[in-house]
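Note sheet for the following structure.
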Amino acid sequence: MLDTQLEDVLRTTSRHLNKLKNMGIVTAGDLLINFPRTYNDRSEVTSIGNIKLNEVNTIRGIITHIFNRKTKTGKLMTMAKLTDDTGTIGVVWFHQPHIKRMLFNGSEVVMTGKAKFAFGQTTLQSPTFELRKEEQIHSERIVPVYHETEGISSKWLREKIKPLIDDWTKYFKDYMPEEIIDKQGFLHLNEAIKNIHFPENKAMLNKARERLGFDELFVLQLRALQKKWQWQQVASQDKVSIPQNIELIKDFIKNLPFELTRAQKKTLYEILQDMEKPYPMSRLVQGDVGSGKTIVAIAAILNAVKAGFQCAIMAPTEILAKQHYQSIYKFLLPYGLNIQFISGSSTGKQKLELISQMKRGTVDIVIGTHALIQDKIGFKKLGLAVVDEQHRFGVKQRSVLKSFGSPHLLSLSATPIPRTLAITLYGDQDLSIIDEMPKGRQEIITRLIPENKRIDAYRWIEDQVNKGRQVFVICPLIDESDILGVKSVTQEYAHLKEHIFPQHEIGLLHGKLKSAEKNEIMEDFAKNKINILVSTSVVEVGIDVPNATIMLIEGAERFGLSQLHQFRGRVGRGEHQSYCFLFTENKSQESGQRLSSMVKYSSGFKLAEIDLALRGPGEIYGVKQSGIPDLKLASLTDSVNIEKARLEAQAIIEKDPELKNYPRLKEKINRLEDVYVKD
Ligand code: ADP
Ligand code: MG
């Protein structure tokens, strides 16, 4: 029933139907889950004798003396009187002569508007009004306010939604297990939907919000936990467990040129423990840029390879994959392993040869880009798959890995996010956090530079370049069609080359370049053949050039804090003091506040919390791609409800992971998948 088309339900015009369609509202059900944006509490009715001046009052009364007139200045006014048992006041509207055709002397109305002293008497100014009915929908109650578009006002929506609420909410089949409803004292789904639109009172509104907000978090967590359970299901368990080779790991750690941090050791231990279990690991390691996630992954890889398994590492860009290849090669050189690289730019012949080696099991470790999860790929005995910058890959892309046998899955992310968000977004994985930087890492000096200091900044940079340092310049967009006036990278490149740093080598990097061109430029930059690299956000992930010490970001307000933090992590990787300079064209307070937190904080976790609080989860880097729908009522910062939803979801999955006894819940979760996860 709920999927009945609105044209069969509403009496309205096709123009209105089209507008609704543009808002994504096509069926009766869509209209009913189009929840109010906010509410106006008009439940308190004031008698005229008690009217509060300069405040919004809702008054019930009878209209008299209504007429239109023109002022000397040509303003068109509608004036009237409103009377109840306790007195009479004036009412005035401007430029709405049609009101005179809607209200008559003797009309019984409920009006809401601001009371002012004007025209020699207390007067309601431009009030909204509704004729007295058995049940008011625009007044004398908590009134829902919806997202509006031109032609679709809240008033219009209220009028259309109210009759549906009365007749159609019964078609919402509650999917929440009765035991949870009982235990938490929740409203049933149909009651909640009724009250989210037309709450009986404040308390019921809160209950409706509580129930529907819980639902959003609960189904996400349930889905995540079910995925985790599915990931752990394997046909033959003995193939999965990889024993810890303590001697080997000790030896590896001892020979590193540095000491692992406590957080690195703890994370490595968690991983090795996981891999020993008879079901596949699914673990996410979060750690700030430069916190040393790779080396932890390499140790785990070594352990798996030496136990006779193959390992794969997948990175989102070719540059990053190459870098992993190089460091793995370097760190694992003493162990005599066969380590290979595959990417989109490998030739067909190279790929075929490599794939056949992978299938025969002669390759120990393969590192690559998305090319790693193509059709023809296969492994003889894949034990561990590592996915770097995991949020760059879709859920489905990651799950392809499972089809190569049931490998342990280790995901790495340099986008630290608050725990509440992490368990909701990545609840199908266990979490390790590297919240500590290697010893001796320098703080990067960060400054927000006003436009009038730009030339000074350039001079200072020039000086640094003359001393041999290198510079990143990041611009938000690629080409000149940029209407927002943000510096485009090609223009900026030309400008810097001709006018600012003519005597230095400048490189240009953006996503539209061919991958071979990109590599060449990156290599030239790594070899210091290029002094200043002008780039879009493609440098964001993982590039390691220790001699680069300055990160200059144009249009900084256009990036999220987490992303800015990632950029900043490109410098400060070597022995020299490093700097991050932010330029912004936006003077708004919000962006000022955000950018000054960049100056103030160096922890990615801290910055992510601020981003979450200031801009909401949708804006945070990676959340949009994560397959999480926009939450209407729940907040991803609401740790109390997130924990509550987590516990309830866990209890259900422990009892009945396939939801055999909860068919509606099962359907709900499967539908979430259809609607929201797009790869
Ligand atoms: P990320 O977590 O950003 O992926 P990497 O793993 O690339 O960081 O590590 C950054 C650099 O720090 C690498 O050159 C790595 O070899 C080095 N490194 C890793 N762990 C430590 C440590 N405990 N002490 C010093 N340097 C380390
Ligand atoms: Mg990394």
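Take Gln397 and decide whether it is more than 16 Å from ligand 1 (Cβ to nearest atom), open to solvent by 10 Å² or more (accessible area, probe 1.4 Å) and polar (S, T, N, Q).
Answer is yes for this residue.
Looking only at the range 572-586, decide whether some residue is assigned to a loop (DSSP other than H, G, I, E, B), modelled with pLDDT under 90 and over 18 Å from Glu443 (Cα atoms).
yes
Regarding Lys349, is this residue open to solvent by 10 Å² or more (accessible area, probe 1.4 Å), touching a Gly at 6+ places or on another chain (Cβ under 7 Å) and either charged (D, E, K, R) or under 23 Å from Ser432 (Cα atoms) (or both)?
It is false that Lys349 is open to solvent by 10 Å² or more (accessible area, probe 1.4 Å), touching a Gly at 6+ places or on another chain (Cβ under 7 Å) and either charged (D, E, K, R) or under 23 Å from Ser432 (Cα atoms) (or both).
A quick yes/no check of all residues on (1) in a loop (DSSP other than H, G, I, E, B); (2) within 16 Å of ligand 2 (Cβ to nearest atom):
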{"site": "Glu517", "(1), (2)": "no, no"}
{"site": "Phe525", "(1), (2)": "no, no"}
{"site": "Val534", "(1), (2)": "no, no"}
{"site": "Val538", "(1), (2)": "no, yes"}
{"site": "Pro546", "(1), (2)": "yes, yes"}
{"site": "Thr549", "(1), (2)": "no, no"}
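Can you list residue pairs whose Cβ atoms sit under 8 Å apart, with the first residue in the range 559-587 being acidic (Asp, Glu) and the second being away from ligand 2 (no atom under 16 Å from the Cβ) and assigned to a helix (DSSP H, G or I)? Count only pairs 6 or more apart in sequence or on different chains.
So the pair list comes out as Glu585/Glu557.
Restricting to the range 595-609, and then to whatever is at pLDDT 85 or above and farther than 19 Å from Ser537 by Cα, can you tell me which residue is least open to solvent (accessible area, probe 1.4 Å)?
Restricting to residues being at pLDDT 85 or above and farther than 19 Å from Ser537 by Cα, the top hit is Ser597.
For the range 228-278, give me each residue that is in contact with a Gly (Cβ under 6 Å, 6 or more places away or on another chain) and either within 15 Å of ligand 1 (Cβ to nearest atom) or among the basic types (Lys, Arg) (or both).
Hit for the range 228-278 is Gln264, nothing else.
Of the residues that sit in the range 279-294 and are under 22 Å from Leu607 (Cβ atoms) and in a strand (DSSP E or B), which one is farthest from ligand 1 (Cβ to nearest atom)?
It comes out as Leu284.
So that you can scan it fast, the table gives a plain yes or no per residue for (1) touching a residue at least 60 places away in the same chain (Cβ under 8 Å); (2) closer than 25 Å to Arg141 by Cβ; (3) hydroxyl-bearing (Ser, Thr, Tyr):
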site: Asp8; (1), (2), (3): no, no, no
site: Leu31; (1), (2), (3): yes, yes, no
site: Thr38; (1), (2), (3): yes, yes, yes
site: Thr58; (1), (2), (3): yes, yes, yes
site: Arg69; (1), (2), (3): no, no, no
site: Thr86; (1), (2), (3): no, yes, yes
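Keeping to the range 95-123, report how many residues are of a type outside the set (S, T, N, Q), open to solvent by less than 80 Å² (accessible area, probe 1.4 Å) and touching a Leu at 6+ places or on another chain (Cβ under 7 Å).
Selection size over the range 95-123: 5.
Need a quick list: strands (runs of 3 or more DSSP E) entirely within the range 324-428 having at least 2 residues that are free of Cβ contacts under 8 Å to residues at least 24 places away in the same chain.
Counting at least 2 such residues, we get no strands (runs of 3 or more DSSP E) at all.
Among what's in the range 297-323 and is within 12 Å of ligand 2 (Cβ to nearest atom) and part of a helix (DSSP H, G or I), pick the residue that is most open to solvent (accessible area, probe 1.4 Å).
Here the residue is Gln323.
Please count how many residues of the range 429-480 are in a strand (DSSP E or B), β-branched (Val, Ile, Thr) and more than 16 Å from ligand 2 (Cβ to nearest atom).
5
I'd like the residue in the range 506-528 that is in contact (Cβ under 8 Å) with a residue 40 or more places away in the chain and small (Gly, Ala, Ser) and, out of all such residues, is least open to solvent (accessible area, probe 1.4 Å).
Ser515
With respect to Asp544, determine if the residue is open to solvent by 10 Å² or more (accessible area, probe 1.4 Å) and touching a strand residue (DSSP E or B) at 6+ places or on another chain (Cβ under 8 Å).
No.
Take the residues in the range 1-23 that are open to solvent by 90 Å² or more (accessible area, probe 1.4 Å) and over 35 Å from the mean Cα position of the chain (by Cα); name whichever of them is modelled with the lowest pLDDT.
Going through the qualifying residues, I end up with Arg11.
For the range 269-281, indicate whether the set of residues that are within 15 Å of ligand 2 (Cβ to nearest atom) and buried (at least 20 other Cβ atoms within 10 Å of the Cβ) is non-empty.
No, the range 269-281 contains no residue that is within 15 Å of ligand 2 (Cβ to nearest atom) and buried (at least 20 other Cβ atoms within 10 Å of the Cβ).
Working carefully through the options Asn195, Asn245, find the one that is at pLDDT 95 or above, of a type outside the set (Lys, Arg) and within 20 Å of Lys170 (Cα to Cα).
Asn195
Taking the range 10-26 as the region of interest, how many residues are touching a strand residue (DSSP E or B) at 6+ places or on another chain (Cβ under 6 Å) and either hydroxyl-bearing (Ser, Thr, Tyr) or without any contact (Cβ under 8 Å) to a residue 24 or more places away in the chain (or both)?
0
Of all the residues that make up the range 260-278, how many are without any contact (Cβ under 8 Å) to a residue 60 or more places away in the chain and assigned to a loop (DSSP other than H, G, I, E, B)?
Number of matching residues: 3.
The values are calculated or read from the model by the stated rules, or taken from the named source; none is laboratory data. From a predicted model like this one, the values you see are computed outputs, not experimental measurements. Note that each Cβ is placed from the backbone with ideal geometry, even for glycine, and that neighbours are counted across all protein chains shown. What goes into the accessible areas is simple: the full protein's heavy atoms, side chains included, and nothing from ligands, DNA or RNA. Shrake-Rupley method; radii C 1.70, N 1.55, O 1.52, S 1.80 Å.
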